[in-house]
Structures are given as C-alpha cells and as structure tokens.
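The values are calculated or read from the model by the stated rules, or taken from the named source; none is laboratory data. Given the structure is predicted, the values throughout are model-derived calculations rather than measurements. Here Cβ is always computed from backbone atoms with ideal geometry, including for glycine, and neighbour counts include all displayed protein chains. Surface accessibility is based on the protein's heavy atoms, side chains included, excluding ligands, DNA and RNA. Shrake-Rupley method; radii C 1.70, N 1.55, O 1.52, S 1.80 Å.
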Amino acid sequence: MSGYLESQLIILCLSTIYAYGIFLPAASGQLNLGAAGFITLGAYASAWFNASTGAELPMWLSVILAMLFTGTISLAISLPILRPRGVYMVLATFAFAEVVSGIAINLEFVGGAAGFPVDDHADVTVIVPVAIAVIFFSFYIMSTRFGLALRSIHDDDSVATLFGVNVRTAKVAAFTLGAMLMSLGGSLYGHHYNYIEAQTFNVLLSIYILLYVLMGGTQTAWGPLIGAAFFTIIPEALREIAESLGLTWLAE
C-alpha cells in the first residue's frame, strides 16, 4: 500500500470512530457539537499517561485510561449539559469544546500552545482493526434494547417514558459512551502522528463530524460510516479528477 493510500485510510478510520462517537447520542436526538473537546481530552490524556506519569505506561493501557478519564468527565457534565434541548444543547456542547481547548492551550505541563509530543506509535495495523471493532460495537449497541430505547427517545421521549424507558439514564449513557469513543479516536490520532496541539481540534472538526452523522443518518448504524466515507473519499476523488484534467486551481 502506498503512503498516500495509507494516510487516507487512517483519516477514514479516525473519522469513522469520531462519527460513531457523535452517532450514539444523536440516535436519541442529542446533537453534540463538542466532538473536538472529547477528542482533545483523549489525545492529551493518552499522551500524558504514556509519557509523563513516570511509569511509562504502554500505549494500550494509556488509551484505556484516557477513555475512562474522558468518560468520567462526560458523565459529570452530562447532567447539566443534557438538560437543555435543541439548539441550546448544541451551544452547550460547543461551549464545552471551547473550554477544553482553552485549558489545553494554557496548561504548560502538556506543552501549552506549542503542543505535546506523543511517544508510542500506532500504525495502520492498529488503527484499522480498532475502527472495525468500533463499527461492530455500534451495530451491536443499536441492535440491543438500549439501541431501541435510543430510537424511541428520538421519536418521542414522552411515549418512551410511558413504555418504561428511563430517558435520562439512556441519554446520559449514550452521551458518555459516545464521548469515550471520541476519546479513543483522539488517542489514536495522537499515537499515529506522535504530536498533538489543541488548535488541531477546533470547531470546524466538530462541525464536520456532526455533518458525517447527519448526512449518513442518525437512525441507522450505517449512517456514520457512510457519512465519514463520503466526506473522506469524495473530496480526494474530485481532487484527483481535477488534477488529471489540468484544473490545478480546483485541486488546491
């Protein structure tokens, strides 16, 4: 496999993991614009556990600890952040991502604005199997009673409550699981590129990831995969076509 194809495959896998992190809460009607915040938490936490704890933890353990760390934070903020609905929740999650970015930029022990190096490397043989596992996990989740509960909440949370669904618990669980998946993607990003900086995980990234899910569909587990593949493959294909036609100004 050429270096170019490998890099595109890595981008597709990471985008897919991010998208499924947004998909789980979106399946219950929660529009989360805070993806960049959870990705930042995962990337920095995994890098810190891997290199700065003094124990030099292995990459796999650092990634797991980063997911648990992010899951704990998402669980703590889920109660207030899930209280508003619609556009107000979108703004609340967006504000969370901006707060995380601001904190990361100003924390000197993780490099501050200059960024933070990551020790262990995750290549394509690590990232691709993890992305496939995330896809199968998401399909499994949506096939369970929990996935059915999320869909029912999306359609009508009042009716879901009448049928015995604990709406608040289901939303918190989906939000937390999604945050942990985004943390996983952020950790793999850091370990693949071996360097992270908070400016990389900006609001545009959050918007793109949400678009992956909205374009692919929030009520089918195929949605994030289709959306991520479309926004990853189509722009590159169009760029190749433009270059082959000599339209270099379109390819730039």
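Here is how the numbers come out for the structure above:
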item	result
For Phe109: the one exception among (1) part of a helix (DSSP H, G or I); (2) under 30 Å from Gly223 (Cα atoms); (3) open to solvent by 20 Å² or more (accessible area, probe 1.4 Å)	(2)
Candidate set: the range 53-85, residues that are assigned to a loop (DSSP other than H, G, I, E, B) and open to solvent by 50 Å² or more (accessible area, probe 1.4 Å); chosen: the one modelled with the highest pLDDT	Pro58
Residue match in the range 112-125 (condition: in contact with a Ser or Thr (Cβ under 8 Å, 6 or more places away or on another chain), in a helix (DSSP H, G or I) and not acidic (Asp, Glu))	no
Evaluation of Thr248 against (1) at pLDDT below 85; (2) polar (S, T, N, Q); (3) open to solvent by less than 70 Å² (accessible area, probe 1.4 Å) (one fails), failing number	(3)
When residues of the range 117-126 are limited to those that are over 15 Å from Ser62 (Cα atoms) and touching a residue at least 24 places away in the same chain (Cβ under 8 Å), the one most open to solvent (accessible area, probe 1.4 Å)	Asp123
Of the criteria (1) at pLDDT below 90; (2) open to solvent by less than 10 Å² (accessible area, probe 1.4 Å); (3) touching a Phe, Trp or Tyr at 6+ places or on another chain (Cβ under 9 Å); (4) in a helix (DSSP H, G or I), which one Asn50 fails	(3)
Residue in the range 187-207 that is nearest to Ala104 (Cα to Cα), counting only those that are aromatic (Phe, Trp, Tyr) and crowded, with 18+ Cβ neighbours inside 10 Å	Phe201
Within the range 95-106, tally of residues that are open to solvent by less than 70 Å² (accessible area, probe 1.4 Å) and out of contact with any strand residue (DSSP E or B) (no Cβ under 9 Å at 6 or more places or on another chain)	7
Any hit, the range 136-147, residues being open to solvent by less than 60 Å² (accessible area, probe 1.4 Å), at pLDDT 90 or above and outside any helix (DSSP H, G or I)	yes
Hits in the range 148-171 - residues which are open to solvent by 20 Å² or more (accessible area, probe 1.4 Å) and within 28 Å of Phe201 (Cβ to Cβ)	His154, Lys171
